[in-house]
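The values are calculated or read from the model by the stated rules, or taken from the named source; none is laboratory data. These numbers come from a predicted model, not from an experiment. Here the Cβ positions follow ideal geometry from the backbone for every residue, glycine too, while neighbour counts run over all protein chains shown.
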Amino acid sequence: MVGKLMNKNDSKYIIKGNKNKWEVVIGLEVHAQVISNSKLFSGSSTKFGANPNTQVSLVDSAFPGMLPVINNYCVEQAIKTGLGLNAKINLHSVFDRKNYFYADLPQGYQISQYKNPIVGEGKVVLDLPNGSKTVGIERLHLEQDAGKSIHDIDPNNTYVDLNRSGIALMEIVSKPDLRSLDEVNAYVKKLRSIMRYLGTCDGNMQEGSLRADVNVSVRKLGEKNLGTRCEIKNVNSIKFMQMAIDYEAKRQVKLLEDGKSIDQETRLFDTKKNETRSMRSKEDAHDYRYFPDPDLLPLKIDKDLIDDIRKKLPELPDQKKDRFIKEYALTPYEANVLVSEKEISDFYEDVAKSSDKKLAATWIMGDLFALLNNKDLSITKSPVSAKNLGELIKYIKSGEISGRIAKEVFEHMAQSGENPKKIIESKGLKQQSDPKELERIIKGILEKNKTNVEKYKSGKEKIFGFFVGEVMKMSKGKANPQLVNEILKKLLKG
Amino acid sequence: MTDITKKSLTQIVKAIKNKEVSSTEVTSAFIKNIEKSKKLNAFITTCLDQALKKAKEFDKKQKLNLLLPGIPIAVKDLFCTKGVKTTAGSKMLENFIPTYESTITENLWSEGAFLLGKLNCDEYAMGSSNETSFYGNVVNPIEDKYVPGGSSGGSASALAADLTPTTIGTDTGGSIRQPASFTGTVGLKPTYGLCSRWGIVAFASSLDQAGPMTKTVEDCALMLESMAAFDKKDSTSIKKNKENYSKNLKDGIKGLKIGIPKEYRVENMPKEIDNLWENGKKILKDAGAKIIDISLSHTKYALPTYYIVAPAEASSNLARYDGVKYGYRSTKGSNLIEMYENTRSEGFGDEVKRRILIGTYVLSSGYYDAYYLKAQKVRKLIKEDFDRSFKDVDAILTPSTPSAAFKIGEKKDDPISMYLNDIFTVPANLAGIPAISVPSGRDKKGFPLGLQLIGKTLDEQKLLNIALAIEKRSVFKQSLKKWWEN
C-alpha cells in the first residue's frame, strides 16, 4: 500500500511510496478573527452567538448608497499582530474588492487586500522536540468576513445569517515552510498563542475565530522545486488540518506514482468521510476581478503609530520563555510549556513568586495539568488557586509535609478549593519531625520484628526498606523520611 | 400676481424671508405646475401631499434664518429618501423604499427645504439622454420629442419647466452639466469629495459627485453652500470648513486668466458650438479676464479612459442587486445561480447590462493590465495635464457639449455616438475637479447651449464668480412656452 508513513509526527514527514520517498510541503493561510467590538467597515457589534441577523447594519447588508468606513481599531490590531510576527508593517496599503456572487456575500464583493497588504514578510519560531524551527510569514492582510449560509434548517431553502458579514479577519499567509503534521500543530498553536498574548484574536476554533486554508504539495525527497499544490479550504481545527493533510499527501503520492499529474485545484475536507474532494479545478477557478475599492482611500499608516504600538506591546511567548529560563532556572522544555498560553504563564508566575520556582513548574505541569485535563478545565477555571498551590509548595519545601502527603493535600484542595493550611491542620497531616517521638515509634517496631532485625544485622541490608515502610504505616505517612532513615540506621547499628 | 414658479430660488427664498409669500403658496404653485406637466415625464414619484403638509408646518413655525426656508425641492431619484421610493430609474428598485436619508438631501432638509418628489433619470445614471430609464424617457421642455440630456434628465426638465425651484443631480461623466446645457439651466459638478456620496445609489464611486442644478448662478452658489459638508460616513469626503459661496459671489473677474484648451476643438465640431465658444471668450475678455491658449494633451484619451473606469466600477457596484436582500427578484429559476441570472436579466435594462459586461471584461484576469490598469495610468496623466495648466490659468473655458439637445430615439441604437456626448465633460470627472455649465447661447434651431468652466480642486468660488460674469453678459434668456401643459 502506498503511503506507509515514516515518522509522521517528526520534523521529517516522509511518505514512502512503492517507488520513491516523498516529502510533504505545507503552507497555511490562517484566517484569524480580529478582537474588536465593531466590524471592519461598520459600527455593528461582533458579539458571538446573537440571534441571526440582529447585528447587521445597512453597510453589512449592502443597501444602495451605503459606504464602508475603516475601523481604525482593527488596523491597530493588525499592526500589533504584524509586530508580534516580527513582520514589516507597510505604511501604505490598499483595500481591494474581490468580486464574486454568493447569497451570504451581500455586496457581491469582499473587501480585502490583494496587491498591497498592511503587513509584509515576517517570521515565527516554533519549538519542536528536536530543536527550534523558523517558519516564514509571507504577509498578513485585513479583510471582511462573509455571512453564513445555513442549508440544514429547511429542505427547500437556504437561510442566510449576516451577523458575521463584515467582521474583520486577518489572513496570515505562511511560506511553504512546514514539513510535518507536528509542525502544523506547533505553527497554529504558536500563532494562536502570539495573538492571544497580544489580545488581537481569541483563537477560539469552535466559534470559528481561527480557521485555515491548507496548501499541500509533495515532491520526491531531495527535489528542490515545489510540486503542484492543492488548496484545502476552510478547515477549522488542528486535528482536521492534520487529517486533511495526511489524506491529501497520500492521494497526491498515489497519483504521481501511478504516473499521473496533480491538478492545481481547490478541495474540501469531508470530516465525516475523512477525505478531501475536488471543489473546483483551476479552469473553473473564480476570476475575482480584484481592483482597488474606490469607496476607500489607500490606508496610510503613520510611523509614529507603529512606534507607539511597538512600545506598548506586551511580553510575547518567545521573550517570556527566555526570561523564565534565565530568571527561574527552568529547562527550555518547561519554559516552553509554561509560556504556551498566557494564562498558564500568569498562573505559573503567581505560584512561583511566593514559592520554589522549580517545584512550581513541576507541580503545574504534573499534578495540576493532570487535574485540569481530567476535568476538561482551562487554567483560569482551576479549582486549585495559584495562591493555594504556592502555599502547598512552601509546606513541601520546608519539610513540613512529605511529597506523598502533599499529593493527598492536593487531592483535597482540588475537591474543596480549600487552602492547604486548613486541610493539613484539620486532617493532622503535618509531618512528624520530632526525633524523640520517632525514636519511640521505631523502637517499638524493632521490638516487634526481632527476626527481621537479626536478618538485617546478618547482612541482609535490603530489608531496611521494610522497616521504613512499617514506620510510615504507623505514622500514617507523616513521619519525616529523612529523620526515619537516620534514626533507623542508628538504632539498627546499636 | 407674478408667477412665483418662474422666479429664481434666491428670489423665492427672499420672498419667503420677507413674508411676501408663504411656503404653502410656493409649494402649491409648484404642485399645480407638476400636475399639469405629466407629458414631460420628469417625475417618477411625487410627494405632493406630504410636501404641502411640510409647507404648512413650516408656515406655522417659521424658521427663517436658514438657507432654504420652506423651499420644496424635487431631487434626482438616485438619492435615497427615507420612506420614499427610490428607484435609480431601474426596474430593479421599482419597489425599494429606503429606511434612511442620503447625507445630501438631509443637508437640504436641515436648511429648511423639503421633498417635492423624485425625478426621472437614466437607469443607475447610465445614459446621456434619459432614454435608459425603466420609467420612460423624459421630454425636454424646450421642444417636444427632444431629450433633456442625461442622466439627470428629469432634474433638468423639471427645473426648466418650473416644476421645482431648484434640484440636485449627480454627475459621473457629465450627468449634471450636459442636461443643464440641453435645457438652458446651470449645473455644477463640484470637486470630488466636496458633497457626500453617502446614500446615493452608486454608479462609479471614484467619479460620482452630487451637485446643484439651478436656474441662475446665484442659486447655484446657494445650493452648493447647503449641500457641501464633510461627512464622516463617506471615506472620500474632504475635511474642510464650510464656505459661504453665495455671500462671496461677485461679478469681478478682472485679471483672471482663462485657459482655452486646443484639444477641445474636436473634429467636425458644429460651427454654432465654435461660435458659442468664441463668444464666451469675448465675454470674459470684455469683463477683464486674460485669455490664454493652453494644451491638455491627453484629452483625446479621456473618453475611452472614462468608458473603462466607469463600467469597471459599475460592474462591481451593481453586484449587490442580486434579488437576495431587497429589490426585484425573478420568480423563475430553480437554484441560486438561476435566480441571479433571471433577476439580473429581467431587472436591468440594456445599457446597464452593456456596461456591466464591459466592466466585467476590463477587470478580468488577462485583460486587467491592458484595460483597467492602463486606464488608471492615463487618468493620472489627464489629472497632471490639469494640474500643470492650473499653474498658468485660473479656470478653463470649453463648450459643455458638442451639440444641442437631440431627438428622442436619434442616438438610442448608437451607443458610441451617445457616449461622444460626454466628450467635454468626462475629463473633469476623471481629474476630480469642479466644472460648471452656464447657458450661454443657442443653436440655429434656437436650442440652448452651455459653456463649461473647469476649475482646480476646491476652487468652486472662483468658478461661480466667472460663471456669474458670463451669465450677466450673455444674451441667453430662458423663455419657454408651456406647450406641454394640459
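Taking the stated definitions as given, is A:N234 modelled with pLDDT under 95 and closer than 25 Å to A:D346 by Cα? Working first, answer last.
On the way: modelled with pLDDT under 95: yes; closer than 25 Å to A:D346 by Cα: no.
For A:N234, the condition - modelled with pLDDT under 95 and closer than 25 Å to A:D346 by Cα - is not met.
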Yes/no for B:D392 being acidic (D, E), modelled with pLDDT of 95 or more and surrounded by fewer than 21 Cβ atoms within 10 Å (Cβ to Cβ): yes
Counted residues, region A:271-329 - those being of a type outside the set (D, E, K, R), surrounded by 13 or more Cβ atoms within 10 Å (Cβ to Cβ) and more than 14 Å from chain B (Cβ to nearest Cβ): 14
Condition check for B:Y146: touching a Ser or Thr at 6+ places or on another chain (Cβ under 8 Å), more than 24 Å from B:D3 (Cα to Cα) and surrounded by fewer than 24 Cβ atoms within 10 Å (Cβ to Cβ): no
Residue in region B:308-317 that is facing chain A (nearest Cβ under 10 Å) and either touching a strand residue (DSSP E or B) at 6+ places or on another chain (Cβ under 7 Å) or under 30 Å from B:I466 (Cα atoms) (or both) present: yes
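Out of A:V75, A:V34, I need the residue that is at pLDDT 95 or above, within 22 Å of the chain's Cα centre (by Cα) and of a type in the set (V, I, T). Which one? Don't jump to the end; show me each part of the working.
Working: A:V75 fails: within 22 Å of the chain's Cα centre (by Cα).
Only one candidate qualifies: A:V34.
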Tally, over region B:338-369, of residues that are more than 9 Å from every other protein chain (Cβ to nearest Cβ) and surrounded by fewer than 18 Cβ atoms within 10 Å (Cβ to Cβ): 12
Criterion: assigned by TED's automatic domain parsing to the domain that holds A:M413 and crowded, with 18+ Cβ neighbours inside 10 Å - qualifying residue of A:K342, A:K353, A:K375, A:K358: A:K342
Failed item in (1) within 14 Å of chain B (Cβ to nearest Cβ); (2) assigned to a strand (DSSP E or B); (3) of a type outside the set (A, V, I, L, M), with A:H31 passing the rest: (1)
Close pairs (9 angstrom Cβ cut-off, 6 or more residues apart or separate chains): modelled with pLDDT under 95 in region B:459-479, hydroxyl-bearing (S, T, Y) anywhere: B:S474/B:S440; B:V475/B:S440; B:F476/B:S440; B:Q478/B:T183; B:Q478/B:T185
Residue match in region A:203-214 (condition: part of a strand (DSSP E or B), over 16 Å from the mean Cα position of the chain (by Cα) and not assigned by TED's automatic domain parsing to the domain that holds A:S378): yes
Subset tally (residues that are in a helix (DSSP H, G or I) and in contact (Cβ under 8 Å) with a residue 60 or more places away in the chain) for region B:388-436: 12
Residues located in region A:50-95, provided they are away from chain B (no Cβ under 14 Å), small (G, A, S) and free of Cβ contacts under 8 Å to residues at least 60 places away in the same chain: A:G82, A:A87
Neighbours by Cβ (under 9 Å, 6+ apart or cross-chain): first from region A:97-116, more than 7 Å from chain B (Cβ to nearest Cβ) and at negative phi; second assigned to a strand (DSSP E or B) and of a type in the set (S, T, Y): A:K98/A:Y109; A:K98/A:S112; A:Y100/A:Y109; A:Y102/A:S149; A:D104/A:S149; A:Q113/A:S93; A:N116/A:S93
In region A:251-270, residue nearest to the other protein chains (Cβ to nearest Cβ) [restricted to those that are under 28 Å from the mean Cα position of the chain (by Cα) and not hydroxyl-bearing (S, T, Y)]: A:L268
Residue within region A:42-57 that is closer than 24 Å to A:A212 by Cβ, surrounded by fewer than 22 Cβ atoms within 10 Å (Cβ to Cβ), at pLDDT 95 or above and not β-branched (V, I, T) present: no
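Run down B:K7, B:K54 and say which single residue is at pLDDT 95 or above, crowded, with 16+ Cβ neighbours inside 10 Å and touching a strand residue (DSSP E or B) at 6+ places or on another chain (Cβ under 9 Å).
Details: B:K7 fails: touching a strand residue (DSSP E or B) at 6+ places or on another chain (Cβ under 9 Å).
Testing whether each residue is at pLDDT 95 or above, crowded, with 16+ Cβ neighbours inside 10 Å and touching a strand residue (DSSP E or B) at 6+ places or on another chain (Cβ under 9 Å) leaves just B:K54.
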Helices (runs of 4 or more DSSP H) (entirely within region A:395-494) containing at least 3 residues that are within 30 Å of A:L371 (Cβ to Cβ) and among the basic types (K, R): A:420-427
Selection from region B:10-38 of residues that are surrounded by fewer than 21 Cβ atoms within 10 Å (Cβ to Cβ), not β-branched (V, I, T) and not in a helix (DSSP H, G or I): B:N18, B:K19, B:E20, B:S22
Answer residue from region B:318-337, given it is hydroxyl-bearing (S, T, Y) and more than 9 Å from every other protein chain (Cβ to nearest Cβ) and is farthest from B:G150 (Cα to Cα) among those: B:S334
Unique match (being at pLDDT 95 or above, within 30 Å of A:V94 (Cβ to Cβ), within 14 Å of another protein chain (Cβ to nearest Cβ) and crowded, with 16+ Cβ neighbours inside 10 Å) among B:A228, B:A210: B:A210
Count - residues of region B:279-324 that are free of Cβ contacts under 8 Å to residues at least 60 places away in the same chain, within 30 Å of B:N335 (Cβ to Cβ) and out of contact with any helix residue (DSSP H, G or I) (no Cβ under 6 Å at 6 or more places or on another chain): 4
All positions within region A:156-178 that are assigned to a loop (DSSP other than H, G, I, E, B) and more than 14 Å from chain B (Cβ to nearest Cβ): A:N163, A:R164, A:I167, A:K175, A:P176, A:D177
